[in-house]
1. Near the amide H of B:Asp167, under 5 Å away, which other amide H atoms are found, from residues 5 or more places off or on another chain, if H is placed in the peptide plane?
2. Where the only charges are on Cβ atoms (+1 Lys, Arg; -1 Asp, Glu), what is the dipole of the range B:400-501 about its Cα centre, to the nearest 20 debye?
3. In nm, give the distance between the simple-model label positions of B:Ala30 and B:Ala86, each being 7 Å from the Cα along the Cα-to-Cβ direction.
4. For B:Val395, which sequence-distant residues (separation of 5 or more, or a different chain) have an amide H within less than 5 Å of its own amide H, given hydrogens modelled in the peptide plane?
5. How compact is the range B:229-312 by the rule of thumb for globular proteins, expressed as Cα Rg over 2.2 N^0.38 Å?
6. Specify which residue in the list B:Ala311, B:Cys266, B:Pro256 is farthest towards the positive end of the charge dipole of the range B:229-312, using unit charges on the beta carbon of Lys, Arg (+1) and Asp, Glu (-1), about the Cα centre.
7. How far apart, in nanometres, would the label points at B:Asp22 and B:Asp461 be if each is projected 7 angstrom from Cα along the Cα-to-Cβ direction?
8. Putting +1 on Lys and Arg Cβ atoms and -1 on Asp and Glu Cβ atoms, find which of B:Thr353, B:Val383, B:Ile413 reaches farthest to the positive end of the dipole of the range B:330-413.
Amino acid sequence: MLAIAGVPILAASVSQTPLNIKLRCTSWQQLANIHRRDLSRHAIFLKASQLPPLGTPVRIDLTLPTESMIVLAGVVAEHVPEGGLGGRGPGIDIKLNTIPESALWLIETALASAAKQTGAIPVTNEAAVDDGQDVAAAEDELLAALTSELDSLRRLNPFQVLGVGYEAGDAEIRAAFAGLTKRYHPDRFTRYTSQELRGLAAEIFILIRDAYRRLGDEASRAKALQAAGARPVVKVPTLRPGPSIPPPPIAGAKAAPPAPPPRMPAGSPPPPVIAPPRAATADPPPSAKAPDTERRPMQVAPPSLGEDPKVDFRSADGLLEAGRYDEALAVFKIYTRKNPGDRTARAGIELAEGLRALAQRDRLEAAQRFEAVLEIDPTNERAARELAEMRRMATNERRGLLSRLMGKKE
Amino acid sequence: MASRILGIDLGTTNSCVAVIDDRGTVTVLASPEGERTTPSVVAWPAAGGDVLVGTPARRQAVSNAAHTVFGTKRLVGRKVNNDDVALAARTAPYRIVAAANGDAWVRIGTVNRSPQEIASHVLRRLRAIAEAALGEPVTRAIVTVPAYFDEHQRQATRDAGTIAGLDVVRILNEPTAAALAYGAHRVSERRRLIGVFDLGGGTFDISIMSVENGIFEVLATGGDSALGGEDWDRRMVERMADEIFDKTLIDLMQNPVALGRLREACEAAKKALSSERETWMRLPFLAQDQDGQPFNLERKLTRDEVEAWTAAELARVDAPCRRTLADARVTPADLEEVLLVGGMTRWPAVQATVERIFGKKPSKGANPDEVVAMGAAAYAGIVGGDDDGAALLDVTPHDIGIKVGETGFSVLIARNSMLPVRARKLFATTSADQKFVSIELYQGEHADVRKNRRLGQVTLDGLPPGPAGSIRVELNLTVDVESIMNVTARELSTGKEAGVTLRPSGGLTQREIVEIISRRREEETAAAATRPIDGGGLTRVPTRELPPIKPRGE
């Protein structure tokens with residue numbers, strides 16, 4: 001997702017003062033989209049509800065996933081009406097003066113090398129390896145990764161914390177505990193300078209240990225199984241039909257008008273020149289009325305499941321299991337359109353989106369989607385598990401990076 | 001590889017240092033004189049000059065008894081009014097005094113020295129040995145302590161490291177270290193239960209562990225922090241002194257020099273009797289009788305005799321073993337092996353007792369004097385490296401709880417809880433508009449809180465007004481992997497917080513540590529002035545007139 005910060009708030013009268021817009025491109029996917037749809041035509045489209053006058057000069061600082069920054073300059077060339085520009089409107093289209101050759105080269109080579117690495121258009125925003133990176137900075141990153149992992153683990157039941165199936169026996173549980181202990185025991189963090197790391201590892205280890213304690217023997221395991229049994233036990237089905245959960249309180253920025261989430265958000269709070277950004281967890285649930293195809297540029301043709309009113313979104317579980325995310329998504333969407341109040345189905349949309357993003361290795365996008373699921377439906381097991389797994393991977397990567405840096409230093 | 005981390009066994013009678021290399025081989029580092037263990041003896045020569053540590057200190061112990069200290073590990077982190085300290089004071093040739101905070105210190109000449117400072121000299125010696133052997137500077141170490149050491153004793157050990165200029169990256173329990181040294185190279189998928197019976201110079205530990213998938217998990221630990229080989233020695237000295245008094249009316253207890261010699265002879269006899277059935281003690285000119293006639297001790301000593309004298313000491317290992325087995329919820333038959341650690345386990349009667357309690361012959365494979373240091377070094381390899389092959393799970397050795405009413409003890413964290421551990425408890429005010437709450441923390445196994453060790457107190461004042469019971473305070477207690485505790489109390493409506501890392505009722509303050517270090521520097525400078533230029537410790541040329549020889553005592 002693009003996020004924009006620091007857009008100056010300008011009155012219309014001072015329209016000649018240039019707008020300064022910061023765009024952060026956190027995934028290769030987004031960069032590829034910008035490149036294909038905008039830069040190739042020497043323009044860039046920004047979603048906006050209040051439109052600055054034509055001719056307003058604009059300066060855009062575009063930060064790539066590699067943290068390098070490209071400066072683009074242009075003027076507001078067109079007010080795009082709602083639905084204009086292939087459904088991307090409303091917003092402004094900015095004609096770019098010139099795109100420096102070096103900037104295009106940077107973007108193209110970055111995209112090419114990213115594509116080569118993974119065979120698809122990949123996303124490697126995690127643990128960007130930079131030789132010049134300081135050990136202290138790497139420790140901070142590890143700290144952040146551990147913090148979000150801890151947060152993730154707290155939402156899981158003991159089976160999920162240990163990463164074992166509900167049918168696991170003593171030996172399997174002990175082996176899982178052993179594996180996690182070797183990675184998260186606070187002593188394993190003794191070698192780092194940051195004392196905080198050890199404390200955080202201790203917190204995570206306590207969760208792991210408590211999970212182990214609750215599954216360690218037959219009797220307590222039966223109890224834990226029963227507790228987890230409130231959720232479907234077999235085969236990791238994901239979505240719970242049933243009473244919809246009251247919406248979680250939406251705070252702060254989340255209270256923004258439920259406009260269709262802008263693909264390329266721009267702007268800032270009052271008075272918004274441009275629509276508010278989509279923050280990681282502050283995302284208004286996708287509106288059923290305006291499925292925003294712009295957000296899902298990779299979507300293949302939606303499967304035509306017809307408009308059968310009896311379509312049951314539970315059938316989507318099987319589709320998700322089978323890895324047919326687009327079809328599952330379509331089912332959820334149709335169901336949501338019919339029952340706009342059903343939070344479980346709305347969570348299903350986010351979940352399908354998240355799984356699809358994950359399949360495309362857009363981890364940041366996936367994480368945001370899974371968090372959105374949990375916001376809508378805090379009991380969603382699949383999203384919680386996927387998120388925890390992703391965060392564990394992130395922690396691992398950060399740790400590996402730190403070890404490499406430390407090894408280099410010594 | 002980062003700068004190395006030493007594994008140090010800071011023992012009551014002997015200390016040892018080991019290191020792990022890049023390939024994972026653990027080596028015990030020998031001194032330039034070829035000694036693999038260093039006696040934990042520190043002496044301040046009466047004539048001034050450098051502090052002596054190890055064998056040189058022990059060698060001159062007889063002639064400089066009042067200024068030669070040993071066995072001070074039993075004083076570490078303890079109050080002078082402690083029973084064990086009183087016991088040690090009875091036969092110690094040096095003087096034990098009370099520090100300002102009641103801790104047991106040692107008086108050397110005119111200076112009172114903490115056991116931490118004394119231990120720091122041993123640590124410095126070990127560090128020097130390691131640096132000489134490795135040819136590189138070393139600043140980090142893992143230091144072992146008896147599992148049964150409490151909070152204060154652990155902190156004191158850490159302070160000793162600080163004074164010695166060593167960053168103690170981890171305090172590790174001795175039996176755990178021993179098990180690690182023993183089991184690290186025998187990784188098996190199968191779950192194995194082992195017992196570690198550690199009877200050292202001054203402490204007794206028994207631990208039940210499980211080893212599986214590279215995880216060393218302590219299931220339960222117990223012991224007696226005031227039982228060790230020195231108790232055997234002390235008992236022998238007492239019996240011999242009584243016997244001599246009965247026969248000759250010479251009271252050796254009043255004669256520190258003679259007592260020192262007798263103690264050394266008893267220790268040697270005990271070692272000899274570990275393999276022989278009888279031995280001779282010969283101490284010519286041990287003392288003078290009333291008539292000024294010299295008294296020569298010459299006596300045959302049998303193993304049976306000594307066993308009979310020390311039966312009470314031996315009996316003290318029984319109860320902790322049984323309780324620890326019960327705590328671990330295992331029976332002796334479940335144990336695959338029982339490892340012997342500590343010099344005192346060479347004593348045949350001890351081995352027989354272990355066999356009786358556990359129903360199997362104990363393992364004697366490893367050198368009991370070195371295995372702990374080797375385990376500490378092995379753990380240094382684990383915490384210092386990237387290898388995810390092993391981890392160690394230790395437990396709290398004592399119940400930790402709070403004082404309830406006058407004498408009650410309410411346990412918050414049961415002993416043998418896996419570390420790290422955390423406990424929370426909510427308190428409500430007991431009277432209207434109560435201004436403050438005060439929570440006292442204790443450690444120990446007695447239901448009567450007064451028999452337990454007081455750890456400290458958290459006071460939270462400035463509570464908001466309200467009827468009795470309306471104001472709630474949450475106590476948060478954490479114990480980290482090294483058994484170091486941290487306590488906070490928080491008033492729930494305002495979020496006001498008070499906290500302590502427990503060490504208020506004993507130990508050294510940061511300032512005291514700095515003072516000790518600067519005093520040591522001064523003493524070294526002073527000693528350097530009297531030191532001959534050459535000699536390198538091989539020859540000692542007196543640079544001034546020796547004082548006239550006279551009988552020396554207190």
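Here, each number is a calculation from the coordinates, and none is a lab measurement. Just so it is clear, the structure is predicted and the values come from calculations on it, not from any experiment. Positions of Cβ are backbone-derived with ideal geometry, glycine not excepted, and every protein chain shown enters the neighbour counts.
1. Residues meeting the amide H criterion: B:Arg140, B:Ala141.
2. Its charge dipole is roughly 140 debye.
3. 4.6
4. B:Leu419
5. So the range B:229-312 has a normalised radius of gyration of 1.05.
6. B:Cys266
7. 5.9
8. Most positive-ward Cα: B:Thr353.
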